[in-house]
Amino acid sequence: MPFVPLNYFAVFLASLAGFVLGSIWFGALFGKQYMKLTGMTQEKVDEFKKQGMIKSGMARKYAITYIGALVMAFVLAHTRIVAVSIFDSFMTALWVWLGFMVPVSMSEVLWGKQPIKLWMITISFYFVELFLMGIILSFWK
């Protein structure tokens, strides 16, 4: 396998941007809908807050989520070596999303009985996250 030079700081920034985007996406933008569709109630949220980040397991979930974003940015960085424009970033995000994210996650709707609205919120987030990461990785080489 050939060596691919990467800007690891850009990978870190792209993963951090994806993580922050997730906080906004599943918080301010679609938080209420997401909570309703997942069966999360305000009482459950209040209980998590009372228990604290460590005891409730939230710190662990945030850490795992960030590691996932870091891995995604690292792998995406390997596909972004020749990208030089926002259009290139858009197309890479689109094809990775259509080719991998959409087909794999569709089984949650088809077999896991996940509501289609919940799937749409989640899968659209992944497209925007890939696009944002692609822009950062393309222009911060």
#### Entry: Along each principal axis, Cα extent of the range 84-141, largest first, Å
41, 17, 15
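Rank the residues Glu47, Glu108, Glu129 as a footprinting-exposure proxy: fewest other Cβ atoms within 10 Å of their Cβ go first.
Values: Glu47 11, Glu108 15, Glu129 25.
So the residues, fewest neighbours to most, are Glu47, Glu108, Glu129.
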### Task
With just the Cα atoms of the chain, tell me how far they stretch along each of the three principal axes, in Å, largest first.
50, 33, 28
### Task
Mind checking the range 42-136 for chymotrypsin sites (Phe, Trp or Tyr not before Pro) that DSSP puts in a loop (not H, G, I, E or B) and that have at most 10 other Cβ atoms within 10 Å?
Trp111
### Relative contact order (%) - criterion: Cα under 8 Å, at least six apart; region: the range 73-132
40
### Message
Counting each pair of different Cα atoms once, what's the Kirkwood radius of the range 1-53 in Å, rounded to one decimal?
### Response
13.8
### Cross-link pairs beyond the 21 Å C-alpha cut-off, checked among Lys32/Lys117; Lys36/Lys113; Lys32/Lys55
Lys32/Lys55
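Where a number appears in this text, it was derived from the coordinates with a stated rule and is not lab data. Every value quoted in this text rests on a predicted model; they were computed, and no experiment measured them. Using ideal geometry, Cβ is built from the backbone for each residue, glycine included, and neighbour counts are taken over all protein chains shown.
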